Structure formats: structure tokens, C-alpha cells
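Contents: one structure, followed by commentary.
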Amino acid sequence: GSIQLPTATGERVPLSRVADIRIIEGPSTITREWGQRRIVITCNVRGRDLGTFVAEVQHAVKGEVTMPPGRYHLDYGGQFEQLERAQIRLMIVVPVALLLIFLLLYATYGTVIDTLRVFSGVPFAWVGGIFALWLRDMPFSISAGIGFIALSGVAVLDDMILVSYVRELQKRGRTLEQAVEEAAITRLRPVLMTTLVACLGFVPMAFSTGMGAEVQRPLATVVIGGVISAMVMSLLVLRVLFVVFRFPTRRNPAAVNQGPLAKVTQ
């Protein structure tokens, strides 16, 4: 309090005459954002999903912390804020991706029925991806959402192999039942190869433990589980869809009663 302060007249007075000096506890720094005081609480989340952690924090704060209305509010920022923005983008990207896949399939086959038959592999693949996440105790995340988008494109490959070959056999004169059975047997190897390539390619990512593993594991898990369920759907369920929802198909009269290869006579 003995610090001398100059006055307007040039005199000096001790600080104790113009101020009451006390030592109290208070914030070391005062930060502001948009003209309001702000206190930042940070933490690092390891070994679990960020969205689930923040949901638990919000539930705990709501039940145990009472804040005066109109003066204080809580905002959750950082990576969680980026996560919320990414989820909003996914709500737009996923329907657009599915629509593009459907349009490409329709451009390939030219009929809505065959397009729906091939596209039916997508929901079955998603079921497999969800089951794989549950089996590995992984919550849904942005990387898992990206995995579902990638899976939607891979899931239709097996169905395209079978549907295209069924149509080819029908043009050769096979009945629908014969074409479906022969296609499932003849195209078993290509379907298995397509599934194994996708699965084995993502195995290192599914079990990675290094930097970025929290992003790689959910994506790879979704794709692996999805392509396996899509393969089962292609070999079993798709055959049922062909027989149950049958529609007339133009057959080549000259190919009736012919085998896989036409006989050559001289």
C-alpha cells in the first residue's frame, strides 16, 4: 500500500489512500468470447467413443448441476462439435450415395425389378455391418458411417454377378428355377472371390492398434461384416426373391432345350 501514485496536481499519494488492498482467490485469467466471459474445461477421451462420453457428461451435468437461467450456458466444442457437424453432413451424403447407386444400377439393367433385386443387398449388408459393430462392442461413429457408404457400393457387386448371369441363362432358354439354381452354382467362385478380396483387404485395418486406429477399426469392421452378410444374401435370399417375385422375361426360342453351350453340327 506504500506505492506512490501521481495525482493530477503532480503530488504523490500512497496507494493505500485510494484503494483497499486485499489478497483473495480468483481466476488467474479472464477469457471472453463474443463479449461474454468464458471458462474452458478440457479433457482427453481415450479407449471409448467421444459421442457416448459427451452424452454421459450431459446427463450427469443435467442431473447434478443447477445453473441460473439467462446468465450461464454450456457449450460442448472441440472434436465433439466437429462430430456433430459431420453427422449433419452424413444425413445428406448417405441418401445421395444410395440414390446414385440406384440410378447406376437402373442405367445398367434398364428395369426397376432387376434394379431392386440387386439393390436389396444393401439393407442386408447394413444389417451385417451393425451386427459386426455390436459383436466388437463398437458404437456408431463417423468412420463407421463412412464404412456404411463404402459398403453400399461393395454390397451390390455379388448381386450384379448373379442377376446378370440369371438373365443370360434365361435368354438361352432356361426356366427361372433352372437359371437361378445354375447361376448360384456357377457363380459361387466369383462371389466368394469378391467377398474375400474385400474382407482380407480390410483385416489389417480392423485389428490395427497404431495411430489412427480409432478411425480405421470401425470402418473396416463395418465393411467386413457387411460383405459377409451380403454374400449370404446373394447366395440364399436373392434366389428366393427371384422365385417369389417372378416376372415374364423374353426368351430366345432358338435356345430352348439347349445346354450351356450350343451344339455345333456339320
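The values are calculated or read from the model by the stated rules, or taken from the named source; none is laboratory data. All values reported here derive from a predicted model rather than from experimental measurement. Counting neighbours? That spans all protein chains shown, and the Cβs are built from the backbone with ideal geometry, glycine included.
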Exercise. Taking into account only those residues within segment 99-128 that are farther than 23 Å from LEU235 by Cβ and touching a helix residue (DSSP H, G or I) at 6+ places or on another chain (Cβ under 8 Å), which is modelled with the lowest pLDDT?
Worked result: VAL112
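Out of GLU168, GLU181, I need the residue that is acidic (Asp, Glu) and more than 16 Å from SER234 (Cα to Cα). Which one?
Numbers: GLU181 fails: more than 16 Å from SER234 (Cα to Cα).
Result of the check over GLU168, GLU181: GLU168.
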Seminar exercise, completed: LEU169 passes all but one of the listed conditions (1) assigned to a helix (DSSP H, G or I); (2) within 19 Å of VAL122 (Cα to Cα); (3) in contact with a Pro (Cβ under 9 Å, 6 or more places away or on another chain); the exception is number (2)
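So for segment 133-145 (the condition being hydroxyl-bearing (Ser, Thr, Tyr), touching a Gly at 6+ places or on another chain (Cβ under 9 Å), closer than 21 Å to VAL93 by Cβ and part of a helix (DSSP H, G or I)), does at least one residue qualify? So that I can check it myself, show each step before the final result.
Within segment 133-145, the first condition is being hydroxyl-bearing (Ser, Thr, Tyr), and the residues that meet it are 141, 143.
Okay, now just the ones that are also touching a Gly at 6+ places or on another chain (Cβ under 9 Å), so 141.
Next cut, closer than 21 Å to VAL93 by Cβ only: 141.
With part of a helix (DSSP H, G or I) added as a condition, the list becomes none.
So far as segment 133-145 goes, no, none of its residues is hydroxyl-bearing (Ser, Thr, Tyr), touching a Gly at 6+ places or on another chain (Cβ under 9 Å), closer than 21 Å to VAL93 by Cβ and part of a helix (DSSP H, G or I).
Considering only residues of segment 180-207 that are of a type in the set (A, V, I, L, M, F, W, C) and in contact (Cβ under 8 Å) with a residue 40 or more places away in the chain, which is farthest from THR221 (Cα to Cα)?
The initial filter retains those residues of segment 180-207 that are of a type in the set (A, V, I, L, M, F, W, C), namely 180, 183-185, 188, 191-193, 196-200, 202-203, 205-207.
Of the ones still in play, those that are also in contact (Cβ under 8 Å) with a residue 40 or more places away in the chain are 180, 184, 188, 191, 198.
On the way: VAL180: 31, ALA184: 27, LEU188: 24, VAL191: 20, ALA198: 11 Å.
My answer is VAL180.
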Problem set entry | Pairs with Cβ under 9 Å, 6+ apart, first in segment 114-129 and over 21 Å from ALA206 (Cβ atoms), second of a type in the set (A, V, I, L, M, F, W, C) and outside any helix (DSSP H, G or I) | LEU116/PHE245; ARG117/PHE245
For this session: Spot the failing condition for GLY121; the list is (1) of a type in the set (Gly, Ala, Ser); (2) more than 17 Å from the chain's Cα centre (by Cα); (3) crowded, with 19+ Cβ neighbours inside 10 Å, and only one is missed.
Result: (2)
Seminar exercise, completed: Per the filter on segment 141-165, residues within 13 Å of the chain's Cα centre (by Cα) and either buried (at least 17 other Cβ atoms within 10 Å of the Cβ) or at pLDDT 85 or above (or both) are SER141, ILE142, SER143, ALA144, GLY145, ILE146, GLY147, PHE148, ILE149, ALA150, LEU151, SER152
For this session: Out of ARG12, ARG38, ARG48, report the one residue that is under 30 Å from ARG136 (Cα atoms) and not aliphatic (A, V, I, L, M).
Result: ARG48
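From the list VAL215, VAL227, which residue is surrounded by fewer than 20 Cβ atoms within 10 Å (Cβ to Cβ), assigned to a helix (DSSP H, G or I) and of a type in the set (A, V, I, L, M, F, W, C)?
Values: VAL227 fails: surrounded by fewer than 20 Cβ atoms within 10 Å (Cβ to Cβ).
When all the criteria are applied, what remains is VAL215.
Does segment 76-132 hold any residues that are of a type outside the set (Gly, Ala, Ser), outside any helix (DSSP H, G or I) and touching an Asp or Glu at 6+ places or on another chain (Cβ under 9 Å), and which are they?
The first filter runs over segment 76-132 and keeps only residues of a type outside the set (Gly, Ala, Ser), leaving 76, 79-85, 87-96, 98-106, 108-109, 111-119, 122-124, 126-127, 130-131.
Next cut, outside any helix (DSSP H, G or I) only: 76, 111.
Scanning segment 76-132 gives a single hit, TYR76.
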Exercise. Can you pull out the residues in segment 7-34 that are free of Cβ contacts under 8 Å to residues at least 12 places away in the same chain, assigned to a strand (DSSP E or B) and more than 30 Å from TYR72 (Cα to Cα)?
Worked result: ARG12, VAL13
Exercise. From the set of residues in segment 61-73 that are exposed (fewer than 10 other Cβ atoms within 10 Å of the Cβ) and either among the charged types (D, E, K, R) or within 36 Å of the chain's Cα centre (by Cα) (or both), which is farthest from ILE39 (Cα to Cα)?
Worked result: GLY63
